[in-house]
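Encoded as structure tokens, the structure appears first; notes follow it.
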Amino acid sequence: MKKILLLGSGGREYTMAWKISKSLIPHHLFIAPGNGGTDAYGKNLPFGYNDFESIIHFVTSEKIDLVIVGPEEPLVNGLADELSHIGVPVCGPNKAGAILEGSKVYAKQFMSESGIPTAAYRSFSANQIDEAKEFLKQIDPPYVIKADGLAAGKGVLICQSLEEAFSALDDVIKIKKFGSAGNQVVIEQFLRGTEFSVFIATDGDRYVLLPEAKDYKRVGEGDTGLNTGGMGAVSPVPFFDEELRTKVIQRIIEPTLAGLKQRGVTYRGFIFFGLMNVDGNPYVIEYNCRLGDPETEVILPRLDEDFLQLCFDVALGNIVENRQAHVLQKHAATVMLVSGGYPEAYAKGFPITLPEVLEENILLIHAGTLRKDNQILTNGGRVLSVTAFDHSLQEALNKSYNTIEKIHFQQMYFRRDIGYEFM
Ligand code: AMP
Ligand code: GLY
């Protein structure tokens, strides 16, 4: 019996827990801290994913066989290194790998040294604000300004005017809107195209290409309003054909793995390539050292493989060959139900009404939920995600939206146009 510890509390981790529950490997799953739904697949633990002390203590005393890390923060802060020191296999990169997400300056330099297509850029440190402003004057809008470090997905500012760009720069560097994440900034060329996301699982030598996805980051319909963690996602991505796939593999995935190796990094985990399709050519917008949320909610349901086995293979260096994952030829769509006000201030603690029975091929994914006295309450901005899969994207979306009609909580909001450009 293998003992598994999964770290995280969102829809991504719920989906991982659900997929792990289908594994043929006999196992006990623990989730720290989990949410109001993950306890259907394992035991929720009373400590968070950034509480290294409790994690190390639990892993040692329970003799955990594998730790799977959902979110980026513990990885960027070196959790995998600490676990490796005590001999515990981890699905999630060490600090030297996670820095691809942890520092945008590092990632840009890495890409330029590895010949990986990405927007042209320059980086500036906090004492170079005047140089940064001079540089902005020389380039054309829109201006893309990025805080170097982790900023909970909010560290990218896209400005239409020079005035706006100057004040964005002041916010990041002088006012320290994103704290120490703004000690350096990247200013880069604005890329026009369609975004999509590609994922691999790698053991540092070989990789498995997972299903691709497209997420909907803006809070409002028609991709308007503030950026969020993601309001929905679809997989497959219709324009990700054989030709684009080959370009992504040859120009991006393989040079990234070669670049890591060249720097002596053994990367054991997932790499999420945030890409822009510019006239049929892929450019890297960002690297993430983990799976996406809500992309996981559509890619794992399509994965026709034992996910727990894959996580062990990643952690133990047992991937046999570079290959594409076995994937169900179905379309998956997920729609996120959020608390009114999100991504800004919102209330918590509202009771949630859920459908008594679910149709086939529907997953009700818990994200910001909490179980209290046998009631499910809202406990976050992104509350639930409803994934459906079917033979076409339209059918999947219909199923998802039909299910949403049976779900209620106060101030519930969702986008009604997920997947709109592919209809
Ligand atoms: P990131 O946090 O790096 O994913 O950036 C947030 C969002 O900003 C991305 O999802 C893109 O929509 C947008 N973005 C980032 N960099 C660029 C760029 N160079 N050109 C156009 N849009 C960008
Ligand atoms: N959905 C975007 C992310 O997980 O970063």
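The values are calculated or read from the model by the stated rules, or taken from the named source; none is laboratory data. Please read all numbers here as calculations on a predicted model, not as lab measurements. Please note: Cβ atoms are built from the backbone with ideal geometry, for glycine as well, and neighbour counts cover all protein chains shown. Only protein heavy atoms, including side chains, enter the accessible area calculation; ligands, DNA and RNA are left aside. Shrake-Rupley method; radii C 1.70, N 1.55, O 1.52, S 1.80 Å.
Restrict the check to segment 81-99 and report whether at least one residue is under 18 Å from E13 (Cα atoms), in a loop (DSSP other than H, G, I, E, B) and in contact with a strand residue (DSSP E or B) (Cβ under 7 Å, 6 or more places away or on another chain).
Yes, segment 81-99 contains a residue that is under 18 Å from E13 (Cα atoms), in a loop (DSSP other than H, G, I, E, B) and in contact with a strand residue (DSSP E or B) (Cβ under 7 Å, 6 or more places away or on another chain).
So, in segment 98-147, how many residues would count as being open to solvent by less than 60 Å² (accessible area, probe 1.4 Å), modelled with pLDDT of 90 or more and farther than 23 Å from E195 by Cβ?
The qualifying residues number 0.
Would you tally the residues in segment 244-271 being open to solvent by 10 Å² or more (accessible area, probe 1.4 Å) and in contact with a Cys (Cβ under 9 Å, 6 or more places away or on another chain)?
Matching residues across segment 244-271 total 1.
Give me a count of the residues in segment 6-41 that are on the phi < 0 side of the Ramachandran plot and assigned to a loop (DSSP other than H, G, I, E, B).
Number of matching residues: 12.
Looking at segment 229-249, I want the residues that are in a strand (DSSP E or B) and have a partner that is aliphatic (A, V, I, L, M) and within 12 Å of ligand 2 (Cβ to nearest atom) with Cβ atoms under 6 Å, at least 6 apart or on another chain. Which pairs are those?
G232/M336; A233/A213; A233/V298; S235/A213; S235/V298; S235/I299
Would you please list the contacts, defined by Cβ atoms under 6 Å and residues six or more apart or on different chains, that run from a residue in segment 363-385 that is open to solvent by 10 Å² or more (accessible area, probe 1.4 Å) to a residue that is among the aromatic types (F, W, Y)?
Qualifying pairs under 6 Å: H366/Y14.
Right, K177: surrounded by 15 or more Cβ atoms within 10 Å (Cβ to Cβ), in a helix (DSSP H, G or I), in contact with a helix residue (DSSP H, G or I) (Cβ under 7 Å, 6 or more places away or on another chain) and not aliphatic (A, V, I, L, M) or not?
The answer is no for K177.
Being surrounded by fewer than 15 Cβ atoms within 10 Å (Cβ to Cβ), polar (S, T, N, Q) and in contact (Cβ under 8 Å) with a residue 40 or more places away in the chain is the requirement here; does S23 meet it?
Considered against the rule, which asks whether it is surrounded by fewer than 15 Cβ atoms within 10 Å (Cβ to Cβ), polar (S, T, N, Q) and in contact (Cβ under 8 Å) with a residue 40 or more places away in the chain, S23 comes out as no.
Scan segment 211-221 and tell me whether some residue there is at positive phi and within 16 Å of ligand 2 (Cβ to nearest atom).
Within segment 211-221, none of the residues are at positive phi and within 16 Å of ligand 2 (Cβ to nearest atom).
Does S112 count as part of a helix (DSSP H, G or I) and either closer than 25 Å to I252 by Cβ or away from ligand 2 (no atom under 16 Å from the Cβ) (or both)?
yes
Residue by residue through segment 265-298, note down the ones that are of a type outside the set (A, V, I, L, M, F, W, C), within 11 Å of ligand 2 (Cβ to nearest atom) and either assigned to a strand (DSSP E or B) or in contact with a His (Cβ under 6 Å, 6 or more places away or on another chain) (or both).
The answer is G274, E286, Y287, N288.
Would you pick out the residues in segment 95-124 that are charged (D, E, K, R) and either free of Cβ contacts under 8 Å to residues at least 60 places away in the same chain or touching a Gly at 6+ places or on another chain (Cβ under 9 Å) (or both)?
Answer for segment 95-124, where residues must be charged (D, E, K, R) and either free of Cβ contacts under 8 Å to residues at least 60 places away in the same chain or touching a Gly at 6+ places or on another chain (Cβ under 9 Å) (or both): K95, K104, E113.
Inside segment 191-221, can you point out the residues that are under 23 Å from Q160 (Cα atoms), assigned to a loop (DSSP other than H, G, I, E, B) and open to solvent by 10 Å² or more (accessible area, probe 1.4 Å)?
Result: L191, R192, G193, K217, E221.
Do we find that M276 is surrounded by fewer than 21 Cβ atoms within 10 Å (Cβ to Cβ) and either within 20 Å of the chain's Cα centre (by Cα) or over 23 Å from V105 (Cα atoms) (or both) in this structure?
yes
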